[in-house]
Amino acid sequence: MSFAAISDAVHVRAPGKINVFLGVGARHDDGYHALATVFQAVSLYEDVIAHHADDFSLTVSGVDDPDSVPLDDRNLAMRAAKLLASATDYAGGVALRIRKSVPVAGGMGGGSADAAAALVACDALWGTGLSPARLHELAARLGADVPFALHGGTAVGTGRGDQLNPALARGRFDWVLVTSDAGLSTPVVYQRLDALRAEEGALADDPPVSLDVPIPVLQALRSGDPALLAESLHNDLQAAAVHEQPDLAQTIRDGIDAGALAGIVSGSGPTVALLCDGPESAQDVQSALRLAGRDPLHVHGAVAGARIMS
Ligand code: C5P
């Protein structure tokens, strides 16, 4: 393997995601739940810039609360850089700069996007030249959502969410995102789902008997028709996220009152994703929610996965 460095600095951009469908099955012994999900990458990006350095270091900008993102080995981007170095016997380090736009602990895979971007950036900076399959394998070791942030587009995820197959999706889907001031911990939301399921009758339809992405979800994506997709948006984690932050149910209702076709908690939340009937409708929904005192974002999907910008 060659370690010829190709540049002094590499800038990689990776997208956040929405789970347009998220079916959660049983919890396995490793603590992870079986998933059947459909990810869509959306136009809200994390930027990671990697510079040559002897050691490993990290700075983060774009967050309101600097304490919300760890700068040590708890940070997934830092772990990604070190994993790549050890997997390729690279002896040096890297200085990573992360500019965040995806909400922290928002259920949109921001930390996973950082990790995917760091893998791609260090691979290019160090000239380690890993194949896409090998990068995917390292990504899956870092976290269940990291492979999708590499992949982007629209994809079906099974296993822990890390086994990906591209889904055919036509056209563009417009989403208005409503973020929350307080984040939600992904493990806490999964634990809450297990607890709700254990309380007999608390969630009548769970756990699912068969763990598949329903055909209508895939048909709606293929049709490119947001009204069809709106009918099949589903998230098994939603009840658990709403249990942790009851205001989320009202946020979804407010979005629909403002003209969205449907709303869903994104991943483990608390970001709410409102599907709209096109760009103009999304702008109307955004304006109406702004008037109501919220700070919504208009994004679209599907967009590409982690990409080298320079
Ligand atoms: O892999 P990731 O860091 O995204 O997962 C965070 C946590 O979310 C896991 O430690 C686990 O508690 C929960 N999780 C899960 N089942 C999955 C994915 C995540 O229980 N398929």
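Please treat every number below as a calculation from the coordinates, not as lab data. Small disclaimer: the values here were computed from a predicted structure and weren't measured. Reconstructed Cβ throughout: ideal geometry from the backbone, glycine too, with neighbour counts over all protein chains shown.
Can you tell me how many residues within region 160-183 are part of a loop (DSSP other than H, G, I, E, B) and either away from the ligand (no atom under 16 Å from the Cβ) or not basic (Lys, Arg) (or both)?
Looking only at region 160-183, we keep the residues that are part of a loop (DSSP other than H, G, I, E, B), and these are 160-162, 167-172, 179-183.
The next check asks that each one be either away from the ligand (no atom under 16 Å from the Cβ) or not basic (Lys, Arg) (or both); those that pass are 161-162, 167-172, 179-183.
Total satisfying the criteria: 13.
Please work out which residue is farthest from Leu221 (Cα to Cα), limiting yourself to region 255-282 and to residues that are out of contact with any helix residue (DSSP H, G or I) (no Cβ under 7 Å at 6 or more places or on another chain) and assigned to a helix (DSSP H, G or I).
Selected residue: Asp257.
Among the residues of region 82-91, is there at least one that is assigned to a loop (DSSP other than H, G, I, E, B), surrounded by fewer than 17 Cβ atoms within 10 Å (Cβ to Cβ) and more than 15 Å from the ligand (Cβ to nearest atom)? Lay out the reasoning, then the answer.
The initial filter retains those residues of region 82-91 that are assigned to a loop (DSSP other than H, G, I, E, B), namely 89-91.
With surrounded by fewer than 17 Cβ atoms within 10 Å (Cβ to Cβ) added as a condition, the list becomes 89, 91.
Applying the additional criterion that residues be more than 15 Å from the ligand (Cβ to nearest atom) yields 89, 91.
Within region 82-91, one or more residues are assigned to a loop (DSSP other than H, G, I, E, B), surrounded by fewer than 17 Cβ atoms within 10 Å (Cβ to Cβ) and more than 15 Å from the ligand (Cβ to nearest atom).
Can you tell me which of Asp123, Asp73, Asp89, Asp114 is touching an Asp or Glu at 6+ places or on another chain (Cβ under 7 Å), charged (D, E, K, R) and either in contact (Cβ under 8 Å) with a residue 12 or more places away in the chain or more than 25 Å from Thr271 (Cβ to Cβ) (or both)? Steps first, please.
Working: Asp123 fails: touching an Asp or Glu at 6+ places or on another chain (Cβ under 7 Å); Asp73 fails: touching an Asp or Glu at 6+ places or on another chain (Cβ under 7 Å); Asp89 fails: touching an Asp or Glu at 6+ places or on another chain (Cβ under 7 Å).
After applying the criteria, what remains is Asp114.
Run Ala50 past the list (1) surrounded by fewer than 17 Cβ atoms within 10 Å (Cβ to Cβ); (2) of a type in the set (Gly, Ala, Ser); (3) away from the ligand (no atom under 13 Å from the Cβ) and report the number of the one that doesn't hold.
Going through (1) surrounded by fewer than 17 Cβ atoms within 10 Å (Cβ to Cβ); (2) of a type in the set (Gly, Ala, Ser); (3) away from the ligand (no atom under 13 Å from the Cβ) one by one, Ala50 breaks only (1).
Select from region 184-195 the residues that are polar (S, T, N, Q) and either surrounded by 14 or more Cβ atoms within 10 Å (Cβ to Cβ) or without any contact (Cβ under 8 Å) to a residue 12 or more places away in the chain (or both) and write down the one among them that is farthest from the ligand (Cβ to nearest atom).
Among those residues, the one meeting the criterion is Gln191.
Of everything in region 6-47, what is buried (at least 20 other Cβ atoms within 10 Å of the Cβ) and of a type in the set (D, E, K, R)? Give them in sequence order.
Arg13, Lys17, Glu46, Asp47 - these are the residues of region 6-47 that are buried (at least 20 other Cβ atoms within 10 Å of the Cβ) and of a type in the set (D, E, K, R).
Only one residue in Ile264, Ile256, Ile252 is β-branched (Val, Ile, Thr) and under 28 Å from Asn165 (Cβ atoms), so which one is that? Walk me through it before giving the result.
Numbers: Ile256 fails: under 28 Å from Asn165 (Cβ atoms); Ile252 fails: under 28 Å from Asn165 (Cβ atoms).
Of Ile264, Ile256, Ile252, the one residue that is β-branched (Val, Ile, Thr) and under 28 Å from Asn165 (Cβ atoms) is Ile264.
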